[in-house]
Amino acid sequence: AQKDRGGLEFLTGIPGTVGGAVVSNAGAHGDEIQRYITYVDVLDSINGTSKRLSQSDCGFAYRHSIFRDCQTLIITRIGLDLDQQGFDQAKKQQILDWRKNNQPLSQPNAGSIFKNPPGDNAGRLIEEFVGKGFQVGQAAVSLIHANIFVNLGGATAADFQKLIAQVKKMVYDKSQIQLEEEIVQIC
């Protein structure tokens, strides 16, 4: 936006870093960061070598890249092919407005917890088979968006881990659909 290059407006409001967006192939509103990546420079933390990977070398898929599997590669720089026509401020505002109306922005959260299963929606499954407001300790399924879990005040990491596990089990027991986490937990 500062360089007036378009294309990444869809990332507006997604918490995280550029490197994190590459690791998880961040996306929203029908677009993903992989579409704009031309290269990724990495440092191998095991042997200290650096190399440049092409977009195709990165193994991008829905909320996935090789960096999720190979955590010894440290992303140091990325190249992006962005629209020279300019950053679309109206599209940015439209996405911000959508987020304000559809996500619990006033409560601490980490965004979407689960990937959407093929042909379905994780939020719909959670709402149907678990219910908004379901709570473990001070961690709860948002009342606004069922695939976002919120901190009601004083929630611990253990509260969130238990909530995630219980929601996965409840959805699976009632639908035979196994939810897969979108977030990455680092211990």
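For residue 77, the residues whose modelled amide H falls within less than 5 Å of its own, excluding neighbours fewer than 5 places apart on the same chain, are 41.
Taking 111, 30, 19 as the candidate residues, the one with maximal mean-square fluctuation in a Gaussian network model of the chain, Cα springs under 10 Å, is 30. Work out the FRET efficiency for residue 152 and residue 1 from their Cβ-Cβ distance, taking R0 = 30 Å, and round it to the nearest 0.05. The value I calculate is 0.35. The 3J(HN,Hα) values that the Karplus relation (6.51, -1.76, 1.60; θ = phi - 60°) gives for the range 9-25 are, in residue order, 4, 4, 7, 3, x, 7, x, x, 10, 4, x, x, 5, 5, 3, 9, 6 Hz. Gly and Pro appear as x.
Starting from the Cα-Cα distance between residue 17 and residue 44, subtract it from 0.36 nm times their residue separation and give me the gain in nm to one decimal.
Value of the extension gain: 7.8 nm.
Once the chain from residue 143 to residue 161 is taken as fully extended at 0.36 nm per residue, the excess over their C-alpha distance is 4.6 nm.
Solvent-accessible area assigned to carbon and sulfur over the range 54-165 amounts to 48 percent, based on a 1.4 Å probe.
Residues whose amide H falls under 5 Å from that of residue 114, counting only those 5 or more places apart or on a different chain, are 182, with hydrogens built in the peptide plane.
On a per residue basis, the chain carries 56 Å² of accessible surface, using protein heavy atoms and a 1.4 Å probe.
Counting only DSSP H runs of at least 4 residues, each contributing -39500 (n - 2.57), and dividing by the residue count of the chain, the helix-based mean residue ellipticity at 222 nm comes to -8000 deg cm²/dmol.
Net charge of the neighbourhood of residue 105, taken over other residues with C-beta under 15 Å away and scored Lys/Arg +1, Asp/Glu -1, is +1.
Computed from the C-beta positions of residue 29 and residue 69 and an R0 of 30 Å, the FRET efficiency is 0.70 to the nearest 0.05. Taking each of 91/174; 3/132; 92/115; 91/115; 51/168 in turn, the alpha-carbon distance tops 31 angstrom for 91/174; 3/132; 51/168. Charged side chains reduced to their Cβ positions (Lys and Arg at +1, Asp and Glu at -1) give the range 54-135 a dipole of some 260 debye around its Cα centre.
Farthest toward the positive end of the dipole of the range 1-110, out of 64, 94, 105, is the Cα of 105, where the dipole comes from beta carbon charges about the Cα centre.
The values are calculated or read from the model by the stated rules, or taken from the named source; none is laboratory data. Since the structure is predicted, the reported quantities are computational estimates derived from the model, not experimental observations. Cβ sites come from the backbone with ideal geometry, for glycine too, and all protein chains shown count toward neighbours. Note: areas computed on protein heavy atoms with side chains; ligands, DNA, RNA excluded. Shrake-Rupley method; radii C 1.70, N 1.55, O 1.52, S 1.80 Å.
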